[in-house]
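Notes follow once the structure below has been shown.
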Amino acid sequence: MIEFRGVNKWFGPLHVLKDITLSVEPREVVVVCGPSGSGKSTLIRCINGLEATQDGDLVVDDKRVGDPATNMTLLRTEIGFVFQQFNLYPHKTALENVTLAPTHVRKTPRAEAEKAGRELLAKVGLADKFNAYPSELSGGQQQRVAIARCLGMRPKIMLFDEPTSALDPEMISEVLDVMIAVAEEGMTMMVVTHEMGFARRVAQRVVFMDQGAIVESGTPEEFFSAPRTDRSRAFLSKILRH
Amino acid sequence: MIEFRGVNKWFGPLHVLKDITLSVEPREVVVVCGPSGSGKSTLIRCINGLEATQDGDLVVDDKRVGDPATNMTLLRTEIGFVFQQFNLYPHKTALENVTLAPTHVRKTPRAEAEKAGRELLAKVGLADKFNAYPSELSGGQQQRVAIARCLGMRPKIMLFDEPTSALDPEMISEVLDVMIAVAEEGMTMMVVTHEMGFARRVAQRVVFMDQGAIVESGTPEEFFSAPRTDRSRAFLSKILRH
Amino acid sequence: MIWEQLQDLIRSYPLALRGLGMTVMLSLISLVLGTLLGFGLGVLRATGNRFISAAIGTWVDLIRGTPFLVQIFLIFFILPELGVELDAFTAGIIGLTNLAACFICEIVVAGIRAVPKGQIEAALASGLSLWQRMRQVVLPQAMRVVLPPLVGQYVLLIKDSSVVSAIGLTDLTRVGWLAVQRVPNGLLVFAIVGVGYFLVCYPLILLARRLERRMSAAHGEVKL
Amino acid sequence: MLENFSFRTIVEYLPLFGQGLVATVWLSLVSFVGALAVGIVLCAMNLQRGRLLQAPAKIYIDAIRATPLLVQLYFLYFGLPRLGIILPEFVVGILALALNSGAYLAEIIRAGILSISRGQVEAGVASGMTYVQRMRLVILPQAFRVTIPPLLGQAIVLVKDSALLSLISVAELTRAGQLLASDRFMPAEGFITTAACYLVLYYGLKGLAGLSEWWLGLRPMGSRA
Amino acid sequence: GTLDDITARGELRVAVQTQGPPFSMVDAAGARTGSAVELAELMATEMGVKITFLDFDWDGLIPALMSGKADLLVADMTPTLPRAMKVAFTKPFMFTGSTVFTKAGGKFGSTESCGAAGTKIAVLLGATGEKEAKKAFPEADIKSYKGGGPLLLDAVNNGQADCGVNDVSAVKGQSTAYPAGTFTIMPEMLSKEPLAFATRYDSQDLLIWMNLFLDQVALDGRLQTNLDYWVNSDDWKKDH
Ligand SMILES: Nc1ncnc2c1ncn2[C@@H]1O[C@H](COP(=O)(O)OP(=O)(O)OP(=O)(O)O)[C@@H](O)[C@H]1O
Ligand SMILES: Nc1ncnc2c1ncn2[C@@H]1O[C@H](COP(=O)(O)OP(=O)(O)OP(=O)(O)O)[C@@H](O)[C@H]1O
Ligand SMILES: [Mg+2]
Ligand SMILES: [Mg+2]
């Protein structure tokens, strides 16, 4: 479904992605972790073309990303992306946030899109917030709207970039619960997160990055119980200690 | 050292602090936790007068806060305050951030202030960052400078408002380590945090707030092992689950 | 003597009203056109390719960097040599519209740049096309930043419209010049002209201030 | 008018344009310094909580913004003598420009100060600084950086506004163009040369703005949070 | 030729100055009037076409003629030789000269007294008076104003200038707006100079026609009547 083959990327002189090779199968859930600045965000942002790669092949849903022949706008409709800072449209209500892309991109009739939007919002537990504006919602609620917004496009893949790290601690679980539900329905997912409980529960694979390279990759059990490199051990000790 | 007696506060119609009675002894470390919006920040911001109370008595270091006879500027020099967003002065280097208040408020001679500043920065593990500007420092480093900046005024009390919640997970421990060191030197501290490991390790008391009121207060052992109210149980289950 | 002069001035109120009418008319037409054009240029400049963006930038610099009087003269007196014959009113409208568009373009660009990058990325990620991103996501949010300075710019442009009198349009300022011939009291005459402009501009200033307060209330203003 | 465009005559008048340029530059410079002073005072008044100082500043700023500079200029030029104050034209001109631009600068400075995040103010308060210390050590240095681009924008406006001083017989750049137009009947030459001179000043100031931003870029600002 | 154009158009386009009484001005009702304006109207009548006035400041007057917006320029303009390099002047329609005026009762009582070093002398930018004043009073401080003769009177009246130098007929005409005896107008002239209308050199036919027109109206006395009413007396003041 997603395949990196020897992908490299530079920001000016900075080599942020080093020879990345990684493939994600349909219905697989992959968690990406690693220290700050290690290139996790860059990695998943490349998948829907928010960042351009400079070397290597990146094939998503059988289409080559960055190939002029690929219609990126079309490909993006197949990929949901959830941001750390939610990025809801502040001038639209929760329901409008969810229906905007379906009506304008998929050209779904408004009535139909609204019906689907209501169902999605109910599914993420916000049946009573259809007409609330983002500023009237808590962080956890906003992030759930953001997930519903992605689901509204019926994507084949969902990408999450630290979806819970801007949240107050008590709101983290409500978002994780929604993500777990989505994973259990069989969505292909790549999730940048430090929530190791989530990784243990639904991930088939954990990928550990450091300084732009994939240092280690394995099942959650392997990774948490027997990290193979010093760097991953040091990292785990820091984030699991408190 | 800090004594709330029946303190009330409103933001317009919103009753944010309800009849707070709480006293903190010298050298005591008190952790404040509770859901978002429960009034934790407001509570500690009242102590150095960043917010005004409307009812009740608040006595800090034997002076009544909000009393026209109290020189608040002077009282504030005795109270260090560490913010969630660090709030370092972006136009000053790390060392200048630490020496600014001592030279201008305490009128410490520059050379002396700089010497003390260097020692403090070394103490928080930033001996090599004297001349770095805040934007050149990671979040964890910035927060450690912010703590050094408070210590530079040799305060009698230190207040922390979620000092680690804006940090990347691997940076949290470096800040907590510094806070633990400060606590172990016998500083009087009030810390709003959800880092329960920190609470367990150094707090004499944990205060749980909900909807503007202190719902529960006790030693960390009591609080974590046997929370007495449903609200604190629900809260703990959420923040400890993942 | 002042009293007589005042009476003399009051007697020529039809002329003054005509001047006020001309100022309002010129400003109204060219501000509407200039706003439309300015938004178009601003969007092009913020999203267009480098070449278009640089071309618009150069034009805006040329217009901002030279006196408006010179621009008006070039339009009215030099364009005819290139075969474009314009009457004074049209030339005035064109000059003022162009000036307005250039200033508004800069305001719009700043507004678009103030929209957080995450908003554009969110729109990109859900597959909205360039036009949909602009129309649905960026412009509505940019308006919050654009509106207060836009209204402030209107006030400046209304005052700049007086320059157009140099090509023979009888606007408020020119009525002042005409009146000074008969009532040689510059202070009095131009104080009255000032009141005329004040009547047109002040409501706009109040509007700009209201908008600004609304926007900054939404962002939480700083207490010092 | 264009087919006989006479560069030779422009060259002949160049010394005059040079003098005009110099006059415009120094008139603008002095006026701008004055405007800064006016702006800072007005802004300080405007930021006070009490109405007593705030109201006059607000009224003044509105009155200036709502009326044309020309009217203000005449108000001073014809009005001051009635009060028995007779000043040289260029002083009146500088005064008018400073009082006019000052009102705009006051708003720019205020916006700059208000753009400083609340956390900065609170950090100052919490470390026991007085109002003046906070302003001097924390807020103004940061606000200054934010305001440089709009300040230079206002400087560009002021330079062009100084053309109005030719109305009260102050010899400056515009005047040089008018002389060429009326002595030799060469309006195209006169106005285009004048425009070119203003353009030089404009790009100069723009370059200065760019330079100051680059200079600020050297000193990092803005925390990562 | 231009005359054919005018006939074909049925319209004579004349550039006049917005403010320059008594030659060109606007009356209380907003209608354009004045000595030069009436002469231009007379020309249009003789041509059998209607007339359109384009009014400008001094700055706009010359470009209007040169760009072809106007067929001719009718103002109190002195045909200097450098100017004649660019436009074609008619025969003079009258002679005038620059004169000195001061505030009555002040310490500047004569033309000579204005020559003292540092005396502030108000003149109109680009007008002949500016050059004459510089020539006659090399020691004085010459201030050039833009915007019309009444400003000079105002400046002298307010004390911003000690003396003014301007066209004698303009001074006489404009000072009537003040209470009688406000100004002292010196009897002697700094210079004697002609006033003429102008057109473009490529309108030779119009130039010849205008010269003929001036000869005609001079012969039949219509020119004198006009000048007597507007320039040589205050008669027009009573009617306006
Ligand atoms: N647009 C950009 N221009 C230049 N450098 C960039 C850009 N975006 C990211 N970087 C740099 O690339 C590196 C990797 O960044 P990235 O955001 O992918 O890290 P990350 O692993 O997501 O870190 P975090 O946990 O802090 O989000 C960092 O050093 C970062 O500073
Ligand atoms: N300046 C203010 N004006 C009005 N209401 C405010 C203000 N500051 C805080 N509040 C409100 O007061 C309540 C308590 O806020 P406070 O910031 O103390 O909560 P908190 O417990 O610190 O929450 P968090 O964990 O999100 O920081 C909230 O409902 C908040 O919206
Ligand atoms: Mg990241
Ligand atoms: Mg808080």
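Of the residues in region B:218-242, those shielded by at least 30 Å² of accessible area once partner protein chains are present, compared with the chain alone at a 1.4 Å probe, are B:K238, B:R241, B:H242. Computed in the context of the full set of protein chains, the accessible area of chain E at 1.4 Å probe radius has 56% of its extent on carbon or sulfur.
Here the Karplus relation 6.51 cos²θ - 1.76 cosθ + 1.60, evaluated at θ = phi - 60°, turns the backbone of region B:8-24 into coupling constants of 10, 8, 10, 9, x, x, 7, 8, 8, 10, 10, 6, 7, 10, 6, 10, 10 Hz, with x for every Gly and Pro.
In peptide B:78-89, what is the residue-averaged number of other protein chain Cβ atoms found within 10 Å of each Cβ?
Details: counts 1, 3, 2, 5, 2, 5, 2, 8, 5, 12, 6, 8.
For this peptide, the per-residue mean of nearby foreign Cβ atoms is 5.
Relative to the longest principal axis of the Cα atoms of chain C, the long axis of helix C:172-182 makes an angle of roughly 10 degrees. Taking amide H atoms as placed 1.01 Å from N in the peptide plane, the amide H of E:K143 lies under 5 Å from those of E:I121, E:A122, E:V123, each 5 or more residues away in sequence or on another chain. What base-10 log of the normalised intensity I(q)/I(0) is obtained for chain A from the Debye formula, alpha carbons as equal point scatterers, at q = 0.18 Å⁻¹? Each listed q corresponds, in turn, to -1.41. Accessible surface buried at the A:C interface totals approximately 1500 Å², computed with a 1.4 Å probe on protein heavy atoms. Amide H to amide H, with H built 1.01 Å from N, A:D210 comes under 5 Å of A:V215, counting only residues 5 or more places away or on other chains. Computed from phi, the 3J(HN,Hα) profile of region C:209-214 under the Karplus parametrisation 6.51, -1.76, 1.60 (θ = phi - 60°) reads 5, 4, 4, 4, 5, 4 Hz, with x in place of Gly and Pro. Cβ-Cβ distance of C:A54 and E:T52, R₀ of 41 Å, FRET efficiency by 1/(1 + (r/R0)^6): the value works out to about 0.40.
On association of chains D and C, roughly 3700 Å² of accessible area becomes buried (total for both chains; probe 1.4 Å).
Counting heavy atoms of the protein chains alone, C:R210 has an accessible area of about 150 Å² for a 1.4 Å probe. Most tightly packed first, judged by the mean number of other beta-carbon atoms within 10 Å of their residues, the peptides D:127-137, A:140-150, B:190-200, D:59-69 read A:140-150, B:190-200, D:59-69, D:127-137.
Given a 1.4 Å probe and every protein chain left where it sits, what share in percent of the accessible area of region C:2-218 is carbon and sulfur? Spell out each step's value before the answer.
On the way: 6280 of 8900 Å².
Exposed carbon and sulfur together represent 71 percent of the surface.
With helices as the sole contributors, chain D gives -26500 deg cm²/dmol at 222 nm; each DSSP H run of n ≥ 4 counts as -39500 (n - 2.57), and the sum is divided by every residue.
Peptide packing for E:136-144, D:101-109 was compared via the average number of neighbouring C-beta atoms within 10 Å per residue; ordered from the highest value, the list is D:101-109, E:136-144. Protection proxy ranking of A:111-121, C:19-29, E:211-221, by the mean of other Cβ atoms within 10 Å over each peptide's residues and highest first, is C:19-29, A:111-121, E:211-221.
What is the interface area between chains C and E, defined as buried accessible area summed over both chains with a 1.4 Å probe, reported in Å² to the nearest 100?
Details: alone 13120 and 10900 Å², together 21930 Å².
Its buried surface, counting both partners, is about 2100 Å².
Counting only DSSP beta bridges with both residues in the protein assembly as shown, what percent are antiparallel, rounded to the nearest 5? If we restrict to bridges inside the protein assembly as shown, about 55 percent are antiparallel. The DSSP beta bridges internal to chain A are antiparallel in roughly 55% of cases. In this simple spin-label approximation, C:R135 and E:R222 carry label points 7 Å from Cα along the Cα→Cβ vector, and these lie 6.6 nm apart. Paramagnetic label reach from A:S138 (point 7 Å along Cα→Cβ; backbone nitrogen cut-off under 12 Å): within region B:191-229, residues B:211. Extending 7 Å from the Cα toward the beta-carbon at both B:F224 and D:E3 defines two label points whose distance is 9.6 nm. Burial here means at least 40 square angstrom less accessible surface with every protein chain in place than with the chain by itself, probed at 1.4 Å; in region C:44-85 the buried residues are C:D61, C:R64, C:G65, C:T66, C:P67, C:V70, C:F73, C:F77, C:I78, C:E81. Amide H to amide H, with H built 1.01 Å from N, E:T184 comes under 5 Å of E:T102, E:K103, E:A104, counting only residues 5 or more places away or on other chains.
Per residue of peptide D:197-205, the mean number of Cβ atoms on other chains within 10 Å of the residue Cβ is 3. The 3J(HN,Hα) values that the Karplus relation (6.51, -1.76, 1.60; θ = phi - 60°) gives for region A:88-94 are, in residue order, 5, 6, x, 8, 10, 6, 3 Hz. Gly and Pro appear as x. Inter-chain Cβ neighbour count for E:63-76, averaged per residue, equals 4 (cutoff 10 Å, partner chain atoms only). Simple spin-label estimate for B:E119 and E:K134 gives 7.6 nm between the two label positions (7 Å along the Cα-to-Cβ direction from each Cα).
Just the number, please: carbon plus sulfur as a percent of the accessible area of chain B, 1.4 Å probe, no ligands or DNA/RNA counted. The partial results should precede the final answer.
Values: 4550 of 9530 Å².
Carbon with sulfur: 48 percent of the solvent-accessible area.
Across q = 0.06, 0.10 Å⁻¹, the protein assembly as shown modelled as identical point scatterers on its alpha-carbon atoms has Debye log10 I(q)/I(0) values of -0.66, -1.24, in the order of the q list.
Once the Cβ-Cβ distance of E:K107 and C:E4 is raised to the sixth power relative to R0 = 35 Å, the FRET efficiency obtained is 0.75.
Computed from Cα positions, the angle between helix E:204-219 and the longest principal axis of chain E comes to roughly 70 degrees. Rolling a 1.4 Å probe across the protein heavy atoms gives the protein assembly as shown an accessible surface of 40 Å² per residue. For the protein assembly as shown, taking a cut-off of 4.7 Å between Cβ atoms, the unpaired cysteines are A:C33, A:C46, A:C150, B:C33, B:C46, B:C150, C:C102, C:C105, C:C201, D:C43, D:C197.
The angle separating the long axis of helix C:50-65 from the principal Cα axis of greatest extent in chain C is about 20 degrees.
The values are calculated or read from the model by the stated rules, or taken from the named source; none is laboratory data. The model shown is predicted, which means the values in this text are computed figures rather than measured ones. Positions of Cβ are generated from backbone atoms using ideal geometry, with glycine treated the same way; all protein chains shown enter the neighbour counts. What goes into the accessible areas is simple: the full protein's heavy atoms, side chains included, and nothing from ligands, DNA or RNA. Shrake-Rupley method; radii C 1.70, N 1.55, O 1.52, S 1.80 Å.
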